[in-house]
Amino acid sequence: MSRAAWWRGIADGSNNGLTSMVIKLLLAPSAFLYEMALRMRSLLHQGGLLATRKLPCPVISIGNITVGGTGKTPATILVAQALQKRGYRVAVLSRGYGGSLEGQVAVVSDGNSILLEPEQAGDEPCLIAKSVPGVIVVIGADRYQAGLLALEHLKPELVLLDDGFQHIRLHRDLNILLLDATRPFGNGWTLPLGMLREPVSAIQRADLVLFTRCQPGQILPDPGLPYCCSGHRLSGFNYLKSGEELSLEKLQQGRVAAFAGIADPCAFFDGLRGLGIQLVATLSLADHEPYSKEGMMALEQLATASTADWLLTTEKDGIKLLTYCKNWLDQVVTAKLELKLQDRGQLISDNLDKLLSSKGIVRHTPQL
């Protein structure tokens, strides 16, 4: 078991051995101090002692309260597409985590062309730019400065904050919070002992909650806010290099090895098995894996040792592999992950319409 998987077991409450209990006791003081610092920061912003800046356009934030994947990128793509269908020019502001330009303000997509590679901008901004043609994508640790650059040079009408829930120094007009229904708050502690980025009380900053990975009949905690349920769906498979579609039936009949460098690779592997795909081998890599020399060697070994017909991975991983020249890349197939809203998008549509109406810029209301 990797160190990341072992820590996740502690943080989500599933690892309760003696060693884990000792680690929890050692980490508890740090987690308490971290939570107190976060509460103080929130109070200072509420009291006006720390400034909250405001962009001259509507701002919609999509984020979570825990570390790890809750489906922020599919949710950002869904909302961006919904706004585009309404006729708006949209900019997505992202941190650019994992890229060489992390911390700098840079344009990933100007709405016409993708200008940066994943090695520079990070995997998620590039995936958003690829998945939503016409969207503007700008990276920057300071989302206010990133937004100003987008507004000055690219003229969006609305701004989306990807993974923006904790970026409270920037005002937002609609705050969408994602919670993983399988473990909404982990073990209930903040980092480094738990999965929480903030205390659970921070939920009240949200305008609505979107539960992800919901199962039929599942009992969910009441967030005290409007909420809806959703599930992740693997909606299609395409060869990485050619883009040609590969049917699920063929994958079900062949030898498939899967790999992923995401927050929860096991959930991806389980999703593939749930579709009837028999995995002959799996490889879990670190989240936002940049595919260094060691990572590529691990993939080389997987391709050789598994004797698989196909190497199956996520779109987010695939977009980082396009710059490499390896024979086995012809075998790589990417799986598209979509968010399926159980209310057919009614809650999000209603809140988008309410926001746009309040700003006097309503156009039309298509289905999500």
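Values in this text are rule-based calculations from the coordinates and carry no lab data. What you are looking at is a predicted structure, and each value in this text was computed from that prediction instead of being measured. Methodologically, a virtual Cβ is constructed for each residue, glycine included, from the backbone with ideal geometry; neighbour enumeration extends over all protein chains shown.
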| task | Using Cβ-Cβ distances only, list the Cys residues of the chain with no partner cysteine under 4.7 Å, sorted by number. | result | CYS57, CYS126, CYS228, CYS266, CYS325
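If r is the Cβ-Cβ distance from ALA51 to SER242 and R0 is 41 Å, what FRET efficiency results, to the nearest 0.05?
About 0.25, to the nearest 0.05.
Around CYS325, under 13 Å between beta carbons, what's the net of Lys plus Arg minus Asp minus Glu among the other residues? Let's see the in-between values first.
Details: positive: LYS241, LYS326; negative: GLU300, ASP330.
With Lys, Arg at +1 and Asp, Glu at -1, the neighbours total 0.
Estimate the FRET efficiency between ASP222 and GLU300 by the formula 1/(1 + (r/R0)^6), using the beta-carbon distance for r and 51 Å for R0, to the nearest 0.05.
Details: r = 49 Å, r/R0 = 0.96.
Once rounded, the FRET efficiency stands at 0.55.
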| task | Scan around LEU161 for amide H atoms under 5 Å from its own, H built in the peptide plane at 1.01 Å from N, and keep only partners 5 or more places away or cross-chain. | result | ILE60, SER61, ILE62, LEU93
| How far is it, in nm, from the label point at THR182 to the one at SER20 when both lie 7 Å from their Cα along the line to the Cβ? | 1.5
| message | I want the local charge near PHE237. Using Cβ-Cβ distances under 11 Å, sum +1 for each Lys or Arg and -1 for each Asp or Glu among the other residues. | response | -2
| request: Using a 10 angstrom cutoff on alpha carbons, build the Gaussian network for the chain and name the most mobile of VAL200, VAL280, VAL22. | output: VAL22
| Set of aspartates and glutamates near LYS293 by C-alpha distance (under 15 Å), chain-local residues within fewer than 8 positions excluded | GLU119
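With Cβ to Cβ distances under 11 Å as the rule, what net charge do the other residues near ASN187 carry (K, R +1; D, E -1)?
Values: positive: ARG8, LYS24, ARG183; negative: ASP12.
Combined, the nearby Lys, Arg, Asp and Glu give +2.
Could you order peptides 310-317, 12-19 by the average number of other Cβ atoms within 10 Å of their residues, highest first? Each step should come with its number before you reach the end.
Values: 310-317: 23.6, 12-19: 13.0.
Result, highest mean Cβ count within 10 Å first: 310-317, 12-19.
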| message | Rg/Rh for region 233-338 to two decimals, with Rh computed the Kirkwood way over all alpha-carbon pairs. | response | 0.91
| said: Spelling out what I want: for every residue of region 280-289, take phi, set θ = phi - 60°, compute 6.51 cos²θ - 1.76 cosθ + 1.60 (Karplus), and round to whole Hz; glycine and proline get x. | reply: 8, 6, 9, 9, 9, 10, 5, 4, 6, 3
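Given R₀ = 30 Å, what would the calculated FRET efficiency be for GLU249 paired with GLU117, taking r from the Cβ atoms and rounding to 0.05? Intermediate values should be presented prior to the final figure.
Details: r = 34 Å, r/R0 = 1.13.
Approximately 0.30, to the nearest 0.05.
Just order 208-215, 321-328 by mean Cβ neighbour count inside 10 Å, highest at the front, would you?
Working: 208-215: 20.9, 321-328: 12.0.
Highest to lowest by the protection proxy: 208-215, 321-328.
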| request: Return the tail of the calculated pair distribution for region 159-284, meaning the percent of Cα-Cα pairs more than 21 Å apart. | output: 55
| Which aspartates and glutamates, on any chain, are close to LYS336 with Cα under 17 Å apart, when same-chain ones fewer than 8 places away are left out? | ASP123, GLU124, GLU244, GLU245, GLU249, ASP264, ASP270, GLU315, ASP317
| field | Stokes-Einstein diffusion coefficient of the chain, Kirkwood radius over Cα pairs, 20 °C, 1.002 mPa s, in µm²/s | value | 99
| query | Cross-link partners among lysines for LYS155, C-alpha distance below 21 Å, same-chain residues fewer than 8 apart left out? | reply | LYS54, LYS85, LYS130, LYS359
